[in-house]
């Protein structure tokens, strides 16, 4: 039964054409299409610190370079540093690698605030940004000047309505020139000779930081490792790229686990899982058992039709007939009564491919046969489902039409011969086995 938890084996086709597990997909309640994080629009609602759970406005986060002012992370193992009080003074300490602020050259402070590392050539880059900003403004004015050139033959403009002062102001704005980009590099500067003693002197490898650790201290690359302010975590929301309606939006409180808006696909799309690993052998039809469950509040009609692709050898052959069945809505009271009073096995149907029905779950059976020896073999099925009612609690559509999506199932590798261990798994043994979900 551990195979049921493998959500990466069964992937659904998104509206953009990519395949994702069902727990990574969303459903738009307006256009009723499957969406993923790639094709949906992502927006940043806010930022918060993952250590102190403090909400930070976007403008403030942009000012502080998306870092928290009160929390620090270890430059060695990237763990959150804790402040310890020693002799009425505070010191940063890592509980994982025992890194302290004394290792970085910081003395103990009376307050829990440490000075930030100075950025080398910060003034140079600030001046460069200012000059580039003025240059872009100058180019924009030049483009507008050429596009909106006055083509009138008027020689005199009356100042009755204040046009003369407006034109004078515009003329002064057009005469703005950007600052000169002077060369700040002194090419004829004297360079000190390279000392061989510094190169040949013995070096302790334990004192040299790793490349990943140096990337965390980009402000001063040559300085020893020092505590960094903890990066902020962004809170994102998803919107449909077709109807522009919200798919997922979390609560404003960072500690909350619920959502203000949620439209996950597993709540509205029938969930297909492979609850028993299948064996694939060349030129042999082998059974494949799938588990289909309904998580919506209304019954759903399901039709599963295998698709055979002859051009691709990674897809197996499946000549089983399409399966049609109606899966009822989940009933919490019936589930509790069944736990208190265990009953017999769920009722079976006359369909030869349906193994059993139990509450809002159905087990079906297919016969698959691989084409060649492959490490990964897939089965492509066409899932057609129709809700008997409106599954969405609040929706503009009174009735959801028939939906169709493709599902790709990873069946694993194929073998050339059958062993005695493989023959122990039979259809009758699985039918009478106790399946708990």
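The values are calculated or read from the model by the stated rules, or taken from the named source; none is laboratory data. Since this is a predicted model, take the numbers as computed values, not measurements. Reconstructed Cβ throughout: ideal geometry from the backbone, glycine too, with neighbour counts over all protein chains shown.
Would you mind stating whether residue 41 is in contact with a strand residue (DSSP E or B) (Cβ under 7 Å, 6 or more places away or on another chain), farther than 10 Å from residue 232 by Cβ and modelled with pLDDT of 90 or more?
Numbers: in contact with a strand residue (DSSP E or B) (Cβ under 7 Å, 6 or more places away or on another chain): yes; farther than 10 Å from residue 232 by Cβ: yes; modelled with pLDDT of 90 or more: yes.
For residue 41, the condition - in contact with a strand residue (DSSP E or B) (Cβ under 7 Å, 6 or more places away or on another chain), farther than 10 Å from residue 232 by Cβ and modelled with pLDDT of 90 or more - is met.
Please state which one of 313, 337 is modelled with pLDDT of 85 or more, more than 20 Å from residue 363 (Cα to Cα) and in the same structural domain as residue 401 (by TED's automatic domain parsing).
On the way: 337 fails: modelled with pLDDT of 85 or more.
Sole residue among the options that is modelled with pLDDT of 85 or more, more than 20 Å from residue 363 (Cα to Cα) and in the same structural domain as residue 401 (by TED's automatic domain parsing): 313.
Quick test of your reading of the structure: residue 226 fulfils all but one of (1) at pLDDT 85 or above; (2) surrounded by 14 or more Cβ atoms within 10 Å (Cβ to Cβ); (3) in a loop (DSSP other than H, G, I, E, B). Name the failing condition by number.
Just one mismatch for residue 226, condition (1).
Is region 84-95 home to any residue that is assigned to a loop (DSSP other than H, G, I, E, B), in contact (Cβ under 8 Å) with a residue 24 or more places away in the chain and within 24 Å of residue 213 (Cβ to Cβ)? Walk me through it before giving the result.
Just the residues of region 84-95 that are assigned to a loop (DSSP other than H, G, I, E, B), to begin with: 87-88, 94-95.
Still in the running and in contact (Cβ under 8 Å) with a residue 24 or more places away in the chain: none.
No, the conditions are met nowhere in region 84-95.
Could you tell me which numbered condition residue 371 fails, if it satisfies all but one of (1) farther than 24 Å from residue 317 by Cα; (2) out of contact with any helix residue (DSSP H, G or I) (no Cβ under 8 Å at 6 or more places or on another chain); (3) at pLDDT 70 or above?
Residue 371 satisfies every listed condition except (1).
Considering each of 231, 205, 178 in turn, give the residue that is modelled with pLDDT of 75 or more and surrounded by 10 or more Cβ atoms within 10 Å (Cβ to Cβ). Can you show your working first?
Details: 205 fails: surrounded by 10 or more Cβ atoms within 10 Å (Cβ to Cβ); 178 fails: modelled with pLDDT of 75 or more.
Among 231, 205, 178, only 231 is modelled with pLDDT of 75 or more and surrounded by 10 or more Cβ atoms within 10 Å (Cβ to Cβ).
Residues checked against (1) assigned by TED's automatic domain parsing to the domain that holds residue 407; (2) part of a strand (DSSP E or B); (3) within 25 Å of the chain's Cα centre (by Cα); (4) buried (at least 18 other Cβ atoms within 10 Å of the Cβ):
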{"site": "12", "(1), (2), (3), (4)": "no, yes, yes, yes"}
{"site": "46", "(1), (2), (3), (4)": "no, yes, yes, yes"}
{"site": "51", "(1), (2), (3), (4)": "no, no, yes, no"}
{"site": "62", "(1), (2), (3), (4)": "no, no, yes, no"}
{"site": "102", "(1), (2), (3), (4)": "no, no, no, no"}
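When residue 69 is evaluated against the numbered criteria (1) part of a loop (DSSP other than H, G, I, E, B); (2) under 16 Å from residue 226 (Cβ atoms); (3) in contact with a strand residue (DSSP E or B) (Cβ under 9 Å, 6 or more places away or on another chain), which criterion, by number, is the only one it fails?
If we test residue 69 against (1) part of a loop (DSSP other than H, G, I, E, B); (2) under 16 Å from residue 226 (Cβ atoms); (3) in contact with a strand residue (DSSP E or B) (Cβ under 9 Å, 6 or more places away or on another chain), just (1) comes out false.
Every residue in region 300-334 that is out of contact with any strand residue (DSSP E or B) (no Cβ under 6 Å at 6 or more places or on another chain) and surrounded by 15 or more Cβ atoms within 10 Å (Cβ to Cβ), please.
Residues satisfying the conditions are 328, 329, 330.
Could you pull out the residue among 392, 366 that is assigned to a strand (DSSP E or B) and at pLDDT 60 or above? Even if it seems obvious, please write down each step before you answer.
Working: 392 fails: assigned to a strand (DSSP E or B).
Going through 392, 366 in turn, just one is assigned to a strand (DSSP E or B) and at pLDDT 60 or above: 366.
Identify, by number, the condition in (1) in a loop (DSSP other than H, G, I, E, B); (2) surrounded by 14 or more Cβ atoms within 10 Å (Cβ to Cβ); (3) more than 18 Å from the chain's Cα centre (by Cα) that residue 213 doesn't meet.
(1)
Among the numbered conditions (1) closer than 30 Å to residue 245 by Cα; (2) out of contact with any strand residue (DSSP E or B) (no Cβ under 7 Å at 6 or more places or on another chain); (3) at pLDDT below 85, tell me where residue 7 comes up short.
Checking residue 7 against (1) closer than 30 Å to residue 245 by Cα; (2) out of contact with any strand residue (DSSP E or B) (no Cβ under 7 Å at 6 or more places or on another chain); (3) at pLDDT below 85, the one that fails is (2).
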